[in-house]
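Undergrad: Handing you this structure, nothing more for now.
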Amino acid sequence: FFFKQKTAYEMQRGLVGSEMCIRDRRRVHGFSSKVPRQSIQADVIIWNFETLSLIHRLKLHKVLVQGLSFSHNELYLASLGGEDDKRLVIWEVATGKGLCGNSAGTDAVNQLKFYNNSDDQLVTVRNFGARIWKVDYVNKKVYIYNYAVQISPTEINLGGMKRQITNVIIDPTDTYAYGCTKTGDILEISLEKTLFKRLGPVKKIFSLGVTCVSLLLNGDLIVGCGDGTLAKIGNKDMTIKAQICSINNKNRQAQLMGGVTSITLTADGTYLFAGTSMVKYLV
């Protein structure tokens with residue numbers, strides 16, 4: 001994971017402004033999205049991390065690319081258009097061709113994530129809702145997916161829980177998904193039953209919302225919040241657990257400069273990198 005600004009020359013004039021680039025630890029592919037200031041076209045760029053060479057420029061979305069997610073085997077890339085576009089598109093990484101797509105819904109969708117063990121299932125989250133999608137690569141279609149009925153407009157049942165879900169992560173077994181909310185808590189969702197399961201942390205609401213989340217190897221959650229809070233939540237009881245402190249902080253939480261925008265763990269889960277809205281980094 002790294003962050004650069006104004007790398008147009010290094011990326012063969014492929015990137016403009018500030019870009020967030022994410023690398024799968026096993027491979028050398030990266031992706032980025034750029035927001036044109038005056039153009040209606042919003043490109044997705046696939047490039048090689050090691051050589052910094054552009055591989056594909058994917059042109060379909062308008063105004064904004066809201067989210068991107070690689071399949072676990074990196075054969076496919078899912079892209080999500082913003083409020084003016086609202087399209088979910090699946091691309092073939094090797095060729096750069098768009099395989100299939102669908103409207104993500106009438107409301108703007110905030111983020112998407114492929115399953116960790118399947119390249120034909122993914123989750124999208126939005127304000128007050130979440131969906132599971134099934135990709136049919138043979139017939140080149142993307143369906144809203146329900147385990148009981150193969151093709152159905154049924155969404156994940158959140159019960160009476162009203163939350164604006166801004167981000168999502170899926171556990172390694174594809175059993176549960178965890179959604180970040182603007183309210184300041186985390187929703188745990190059962191993907192197998194397509195049901196809301198529980199809310200955390202217990203007796204705590206984070207100020208300015210939970211903006212990002214990452215999973216430790218033992219299942220515990222590391223959350224970043226809009227007020228700069230960085231905290232660890234136990235998976236078993238959803239309470240704030242072991243200390244994650246800066247040098248001058250003896251509490252159970254660490255507060256950074258600016259809102260936390262991203263969290264990335266090392267391969268063994270012993271260290272993390274946190275980026276903030278003030279372009280500050282904590283290791």
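The values are calculated or read from the model by the stated rules, or taken from the named source; none is laboratory data. Keep in mind that this is a model prediction, so the values were computed, not measured. Here the Cβ is made from the backbone with ideal geometry for all residues, glycine too, and neighbour counts use every protein chain on show. For the accessible areas, the whole protein counts, side chains as well, though only heavy atoms, and no ligand, DNA or RNA atoms are used. Shrake-Rupley method; radii C 1.70, N 1.55, O 1.52, S 1.80 Å.
Undergrad: If Lys and Arg each add +1 and Asp and Glu each add -1, what is the summed charge of the other residues whose beta carbon sits under 12 Å from the beta carbon of Thr183?
TA: Summing Lys and Arg as +1 and Asp and Glu as -1 gives +3.
Undergrad: Using 32 Å as the Cα-Cα cut-off, could you pick out the over-long pairs in Lys141/Lys162; Lys62/Lys203; Lys141/Lys232?
TA: Numbers: Lys141/Lys162 30 Å; Lys62/Lys203 41 Å; Lys141/Lys232 39 Å.
Violating the 32 Å Cα-Cα cut-off are Lys62/Lys203; Lys141/Lys232.
Undergrad: Keeping the other protein chains in place, figure out the carbon and sulfur percent of the accessible area of segment 63-130, with a 1.4 Å probe. All intermediate terms of the calculation are to be shown ahead of the outcome.
TA: Details: 1040 of 2470 Å².
After summing per-atom areas, the C and S share lands at 42 percent.
Undergrad: Now for a different question. For segment 65-146, with every protein chain kept in place, what is the accessible area per residue (1.4 Å probe, Å²)? Let's see the in-between values first.
TA: Working: 3130 Å² over 82 residues.
Using a 1.4 Å probe on heavy atoms only, each residue of segment 65-146 averages 38 Å².
Undergrad: Pairs Lys86/Lys113; Lys134/Lys193; Lys97/Lys193: which are spaced more than 24 Å apart, C-alpha to C-alpha?
TA: Lys97/Lys193
Undergrad: Counting Lys and Arg as +1 and Asp and Glu as -1, each charge on the Cβ, what is the dipole of segment 53-172 about the Cα centre in debye, to the nearest 20?
TA: It works out to roughly 260 debye.
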